[in-house]
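Engineer: Just passing along the structure, written as structure tokens.
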Amino acid sequence: MNNKLNKEIEFLEWDSNFFNIRVGRVYSDLKKIDLTKVSDFDLIYIHSKILLENTSLHLYDKKVTFEKNITSIKKNLETSSITKYDKELTKELTDLAIASGTYSRFKLDPNLSHRFEDFFTLWIKNSLNGKLADFVYVYKKENKVIGFISLKKNDSYYQIGLIATSSLHRGLGIGSILLQKAEEIAKSEKISRIIVVTQLDNQIACNFYKKNGYQIKSTEYIYHHWFK
């Protein structure tokens, strides 16, 4: 089983370069995974659809994928404060992007948390330059960005990459307005599905998506195993 598992581990070049360690990833639904004979890695991400029984593995992410099928849009929210953003990265956007990753496994894992802010800064940077997103829309109040959303178009759906609202302006419905804008864009391009990922432990986000008509499509558990 170990030899087979070793062959199934995928070397992650981007993660390895970013964190300056050798990182691998494996998908497995075995209740227990034996990694004692795995070599050549510093860290392995174990993705599973079930909770594992290995007490030595650290569960850092209960990844929840939400999906919404857009049949019609109730334009009951004012979206005039939202504009497409294609300018340079600002501190406002950077801070919002970092705040969006509060429950990220890259922050929760103490061996990776030193690069957490760099990770999300690069994510928003690559969203603006088109590598990770097709569009970035911002919500402005008094000419200040207090919310944003990034969108990536796929063949049959739109994927929300990042979405965040300033901590000083939460509870005002800005997040729902950003979602409505995303749905309007998808609908205008005859795309009927939107997908977004969050963490099960982030109950505020989960309840937010449910309130806006999104349903859980899948749940995945991501473990980190360190070899040092």
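The values are calculated or read from the model by the stated rules, or taken from the named source; none is laboratory data. This is a predicted model, so every value here is computed, not measured. Don't worry about glycine lacking a Cβ; one is built from the backbone with ideal geometry, like all the others, and counts go over all protein chains shown. Ligands, DNA and RNA are stripped out before the accessible areas are found, and what is left, the full protein with its side chains, is counted by its heavy atoms. Shrake-Rupley method; radii C 1.70, N 1.55, O 1.52, S 1.80 Å.
Engineer: Mind checking the full-extension length gain between Lys84 and Asp34? Use 0.36 nm per residue of separation minus the Cα-Cα distance, one decimal, nm.
Structural biologist: That works out to 13.2 nm of additional length.
Engineer: While we're here: For the chain, which whole-number percentage of the solvent-accessible area (1.4 Å probe, protein heavy atoms only) is attributable to carbon and sulfur atoms?
Structural biologist: 47 percent
Engineer: Okay, next question. To test your reading of the geometry: what angle, between 0 and 90 degrees and rounded to tens, separates the Cα axis of helix 91-100 from the longest principal axis of the chain?
Structural biologist: Result, in degrees: 50.
Engineer: Still on this model: Going by Cα centres, segment 32-73 and segment 109-178 are how many Å apart?
Structural biologist: Each part reduced to its Cα centre gives a spacing of 23 Å.
Engineer: What does the net charge come to around Leu200 if you take all other residues with beta carbon closer than 9 Å to its beta carbon, with K and R at +1 and D and E at -1? Present the calculation step by step, with values, prior to reporting the outcome.
Structural biologist: Values: positive: Lys62, Lys63; negative: Asp61, Asp201.
Every neighbour counted, the sum reads 0.
Engineer: Where in segment 19-102 are there trypsin sites (Lys or Arg not before Pro) that are in a DSSP coil and have at most 14 other Cβ atoms within 10 angstrom of their Cβ?
Structural biologist: Here the trypsin sites (Lys or Arg not before Pro) that fit, given the DSSP loop and packing criteria, are Lys31, Lys32, Lys37, Lys49, Lys74, Lys75, Lys87.
Engineer: Could you give the angle, 0 to 90 degrees to the nearest 10, between helix 116-128's Cα long axis and the longest principal axis of the Cα atoms of the chain?
Structural biologist: With both axes taken from Cα atoms, the answer is about 50 degrees.
Engineer: Taking Lys217 as the anchor, which aspartates and glutamates have their alpha carbon closer than 13 Å to its alpha carbon, excluding any fewer than eight residues away along the same chain?
Structural biologist: Straight-distance partners of Lys217: Glu67.
Engineer: With 10 Å bins from zero, work out the P(r) of the chain over every alpha carbon pair and list the percent per bin.
Structural biologist: Histogramming the chain at 10 Å steps yields 7, 29, 33, 20, 8, 1, 0 percent.
Engineer: How big is the convex hull of the Cα atoms of segment 9-114, per residue, in Å³? Could you put the intermediate results ahead of the total?
Structural biologist: Details: hull volume 20.0 nm³, N = 106.
Taking the convex hull of the Cα positions in segment 9-114, it is 189 Å³ per residue.
Engineer: A further question on this structure: With Cβ to Cβ distances under 14 Å as the rule, what net charge do the other residues near Leu132 carry (K, R +1; D, E -1)?
Structural biologist: +3
Engineer: Moving to a separate point now. Per residue, how large is the accessible surface of the chain? Use a 1.4 angstrom probe and give square angstrom.
Structural biologist: Result: 56 Å² of accessible area for each residue.
Engineer: Kindly flag which residue pairs out of Lys125/Lys153; Lys62/Lys210; Lys141/Lys210 have an alpha-carbon separation exceeding 20 Å in this structure. The partial results should precede the final answer.
Structural biologist: Working: Lys125/Lys153 18 Å; Lys62/Lys210 17 Å; Lys141/Lys210 26 Å.
In this structure, Lys141/Lys210 lie more than 20 Å apart at Cα.
Engineer: Let me ask another. Based on DSSP H runs of at least 4 residues, each adding -39500 (n - 2.57), what is the mean residue ellipticity at 222 nm of the chain after dividing by all its residues, to the nearest 500 deg cm²/dmol?
Structural biologist: Result for the chain: -8000 deg cm²/dmol, rounded to the nearest 500.
Engineer: Still on this structure, I have one more. As an exercise, take the mean of 1/r over every pair of distinct alpha carbons in segment 87-172, invert it, and state the Kirkwood radius in angstroms.
Structural biologist: This gives a value of 13.5 Å.
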